[in-house]
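Some notes on the structure that comes next.
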Amino acid sequence: IEAADAHDVNVILVGAGETLGLTAEKLIRKARQPVWVVNAGARMPLRRILCPVDFSEPARRGLTNAIHLARTFQADLEVLTVIQPLASIHVGYAELAEQAQMNYEEARRREFEKFLAGGDFHDVRWAKTVRRGLPHEQILEAAREQNVDLLVMGSPGRTGLARILIGSVTERVIRALPCSVITVKPANAIR
């Protein structure tokens with residue numbers, strides 16, 4: 001991290017085996033630069049990139065970088081958002097809960113469209129997907145189903161108590177390391 005800061009690097013590149021190592025995990029958590037973890041079975045050139053988004057600022061940076069990488073490598077890009085189910089209120093209010101879920105899903109789909117409207121997708125083959133369920137599970141399932149070469153994820157870069165209390169979808173996904181992963185925090189890989 002000190003060397004990356006001293007040399008003003010765009011990205012920290014680190015290899016990993018079948019699982020995420022301790023050094024890679026600490027780099028992802030603590031470095032301000034994006035960290036590209038190349039897993040053991042990485043394929044080059046990149047053919048398929050998956051970018052999960054939750055409409056946050058880190059997700060926006062992740063999408064910007066994913067678009068640039070897709071354009072550079074002439075790879076297919078899939079932008080994914082996951083709609084979580086609302087907690088059931090009470091069995092007796094099933095109809096009310098179902099309507100609330102439908103309204104919530106419709107609002108999230110509109111938010112997704114608005115989020116995507118801010119992207120510059122020229123010269124990129126891309127698609128958008130909406131899935132339902134727990135975000136980390138759906139991201140991992142999509143990565144495996146689509147045989148993704150690279151996952152680009154925005155990360156808020158929480159440490160300490162905030163990380164313990166809130167947890168992180170990004171952390172859960174990268175621990176499974178379904179493919180190579182770039183985590184994008186405050187700094188963009190592409191400048």
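With N the number of residues in segment 2-65, Rg(Cα) / (2.2 N^0.38 Å) evaluates to 1.23.
Note on R32 and H122: their simple-model spin labels are 3.2 nm apart, each label 7 Å out from Cα toward Cβ. Here the label points at M44 and Q101, each 7 Å from Cα along the C-beta direction, are separated by 4.5 nm in the simple model.
Note on K185: aspartates and glutamates with a C-alpha under 17 Å away, same-chain residues under 8 apart excluded, are E2, D5, D8, E25, D54, E57, E171.
Values in this text are rule-based calculations from the coordinates and carry no lab data. As the structure is a prediction and not an experimental result, all values here were calculated from the model. Every residue, glycine among them, receives a Cβ derived from its backbone with ideal geometry; neighbour counts consider all protein chains shown.
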